[in-house]
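Right, one structure below, let's go through it.
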Amino acid sequence: MNRLQLSRRQLLKGSAALGAGLVIGFRLPLGADAQQPAEPGKFAPNQWFSIDRDGQVTIVNSVPEMGQGTSTSMPMIVADELDVDLSKVKVEQAPANPKVYGNPVTGAQSYGGSRGIRDHLATWRKAGAAGRQMLKQAAANEWGVPVEEVETEPGAVVHKKSGRKLLYGQLVDKAQQLPVPQDPKLKTPGEFRYIGKEYARIDLPSKTDGKAIYGYDVKVPGMLIASIERIPVVSGAKVKSFDATAAKQVKGVKQVVQVTSGVAVVADTTWAALKGRRALKVEWDDGPLANLSSAQISKEYRELIKQPGMEARKVGDAERALLSGSGKALDAFYEVPFLEHVCMEPMNCTAQVTPNGVTLWAPTQNPGGSQAIAAKLAGVQPEQVIVNTTMLGGGFGRRGELDFVIDAVETAKAVNAPVKVVWTREDDIRHGFYRPATYNHFRARLDAQGQPEAWWHRIVGPGILIQKGRAKAGTVDGAAVSGAADVPYDVPNIRVEWKEKDFGVPVGFWRSVGASQNIFIVESFMDELAHAAGKDPYEYRRALLGKAKRHKAVLELAAQKANWGAPLPAGRARGIAVAFSYGSYAAHVSEVSLAPDGKVRVHKITCAIDCGIAVNPDQVRAQMEGGAVYALTAAFYNAITLDKGRVQQSNFHDYPMMRIAEMPQVETHILDSGEAPGGLGEPGVPSVAPSVTNALFLLTGKRIRSLPIKAEDLKKA
């Protein structure tokens, strides 16, 4: 643990030592505010890598590693353009410094929305290419030859005519004196050594042998452990009073302090903190949500769906077409619940607060936000806050929040010692930022040929962006209508509305966010239209995607690879769905059966993904497989429900996960479109659930319009 702490501290400490060699801000264009002198003996033309005189290459990954593989794909990109042997480089996690390591698109050092590769690819490629060009120029100067006469091989510059060679380590001092090219020549795809190729993940050995450091693994000299008895109502409640007498009598308990989220019991071991917490006596002021229930939410949604919403999309005149059309009319209601992220590693953070600053050890998706909130709470400047970003045991959007960081900073400040705040699984499930529950009304009209001439969709629910202050109240929340307002089908009359209703339940970015529920709803209703028209669901979609070429391409690929239309064993059916989310296009075909006891079995999922440039195809497949696990778990099992303002679920016995034995084969096919890179973490989720439920319709004759799937949904019509 000392090595982890030291390397991060060096990276940030006054922009000196190793950090100084990394903070010449290469930001497309180069940011003058980030430029600083390089450390002698290091070549560091930008913040993404450095080379020392021994030839050691250190690549700095700015995107937290949460299982998505950026700690491998990011170095692959830089190493490819720099022309170094990836197996011989060191990879460091970037410190918190948004001016230097902020996302080049958003400017924030916060990572969600599958923004790792898609927002950074151009920057990282330029960074490596600039370094390679400078090394070539340094060697050419040394030999007194034109730079056109030199080329690189991994870790060295070679003079083509004479065969002379200089290792990168021999060139660092002279290369560092050269200007950084702002438009370096990039490699062509045919020259790639790593990009687009399969490469084993760099982090696998440390995860396998236990050396990988997650937040829960952090150990700091003098560190105490805290467990917080949390305010039980989801929002608006507070501590009225507490009695810590019994808690303080527990051996190992050191202090009991009140913090924003409740009452923290601080001890020398986790067990003592938990035992002391159970001994606490707390009286709560339950606040305005004391009587809130899921039944109430659902009831009010059903009333509000009758009222007009704000216009999210309008094409033609859907309402007129609904009334004047002569073909078949369809009307349907869909409902989805609140969902929790359930990361494998519960929330946690370690903090040390001193008069001179704050040091954090956090499994966070939001290093920049963690730095800012810690500085505010401790009354110091952001540059006085060091954020050691550990590996994340799952993120899915949950670790972009800052509540667990606030816990640690407040507790550490109160007890004047380094403190690790640990959450239990019950804390995690009952105190999350949930995917919004929504209620939806669909109406459509088909023409005489069965083609849709009107599509009308109204959504009722809260807005994540509005709740978090990132969008104005009274406007359409983009996250709430993602996957619905951008329906890709060629329908002459479309109207999509959003009716805002926020009960105060904390909502957040759950893997694929609005698309996760809206694609289930949209693709299920599109399936309803296909069957109402008497058409094959695949061919029906395909005919309506003439203006959505990339949607159509992945739909066709998935259908082809799944042998759509070929006979299946008795008792099985296929369902299909297609979606766009976070820069990528994905289609899924699920092969499903239903046992006599009502048990659903998904035998195989065939996925087609167009993510533009697939940096590491193995990681693409892994993300599609992980997305399928996440989507199937939610479809079959998960719902967060409320009673008296309290979340009713608490652990895996009432919020279960999909088991290994239930997992279908996932076959992924990558469509190389040559387009700009898209995301991967999110796009593997949205079209999974509707592909399953659309297959179940063929088996049961009953349309599933709410999730999770219930036993009564599976009774044949």
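Bear in mind these aren't lab numbers, they're just calculated from the coordinates by the rules spelled out. In this text the structure is predicted, and so the values were computed from the model without any measurement. Here Cβ is always computed from backbone atoms with ideal geometry, including for glycine, and neighbour counts include all displayed protein chains.
Excluding residues on the same chain fewer than 8 positions from LYS299, give the lysines whose Cα lies under 22 Å from its Cα.
Within the straight-line limit of under 22 Å, LYS299 reaches these lysines: LYS499, LYS501, LYS644, LYS710.
Normalising by the residue count of the stretch 245-346, find the relative contact order in percent from Cα pairs under 8 Å and 6+ residues apart. Could you put the intermediate results ahead of the total?
Numbers: 58 pairs, mean separation 16.4, N = 102.
About 16 percent, as a whole number.
For LYS90, give me every one of the lysines with a C-alpha distance below 17 angstrom, ignoring sequence neighbours fewer than eight places off in its own chain.
LYS42, LYS207, LYS211
Rounded, prolate or oblate: which fits the stretch 147-253, taking a ≥ b ≥ c as square roots of the Cα gyration tensor eigenvalues, rounded meaning a/c under 1.5, else prolate when a/b beats b/c?
Working: a/c = 3.31, a/b = 3.09, b/c = 1.07.
It is prolate, given that a/c is not under 1.5 and a/b is the larger ratio.
Put +1 on the Cβ of every Lys and Arg and -1 on every Asp and Glu Cβ in the chain; which of HIS159, TRP284, ALA437 then has its Cα farthest towards the positive end of the dipole?
TRP284
Counting alpha carbon pairs within less than 8 Å and at least 6 residues apart, what relative contact order, in whole percent, applies to the chain?
On the way: 1671 pairs, mean separation 95.5, N = 717.
RCO, the chain: 13 percent.
Starting from the 7 Å offset along Cα-to-Cβ, what nm value, one decimal, do you get for the label separation of ASP183 and GLN249?
7.7
So which lysines pass the test for LYS275, namely a Cα distance under 24 Å, with those fewer than 8 places away in the same chain ruled out?
LYS219, LYS238, LYS240, LYS248, LYS251, LYS254, LYS413, LYS420
Relative contact order of the stretch 507-615, please, whole-number percent, based on alpha carbon pairs below 8 angstrom and at least 6 residues apart.
21
Want the number for LYS88 to TRP271: 0.36 nm per residue separation, take away the alpha-carbon distance, what's left? Provide the component values of the computation, followed by the final result.
Working: separation 183, 0.36 × 183 = 65.88 nm, distance 4.18 nm.
Computed gain between LYS88 and TRP271 is 61.7 nm.
Which residues in the stretch 631-669 place their backbone N less than 17 Å from a point set 7 Å from the Cα of LYS604 along the Cα-to-Cβ direction?
663-669
Can you tell me which of 682-691, 165-174 comes out highest on packing, and rank the rest after it, using the mean Cβ neighbours within 10 Å? Numbers along the way, then the final one.
On the way: 682-691: 31.9, 165-174: 19.1.
Result, highest mean Cβ count within 10 Å first: 682-691, 165-174.
What is the fewest-to-most order of VAL234, VAL353 by other Cβ atoms lying within 10 Å of their Cβ? Walk me through the intermediate numbers first.
Working: VAL234 23, VAL353 27.
The order, fewest Cβ neighbours first, is VAL234, VAL353.
For a label point 7 angstrom out from the Cα of SER324 toward its Cβ, which stretches of the stretch 436-473 have the backbone nitrogen within less than 13 Å?
Within reach of a label on SER324, which here means backbone N under 13 Å from a point 7 Å along Cα→Cβ, the stretch 436-473 contributes 454.
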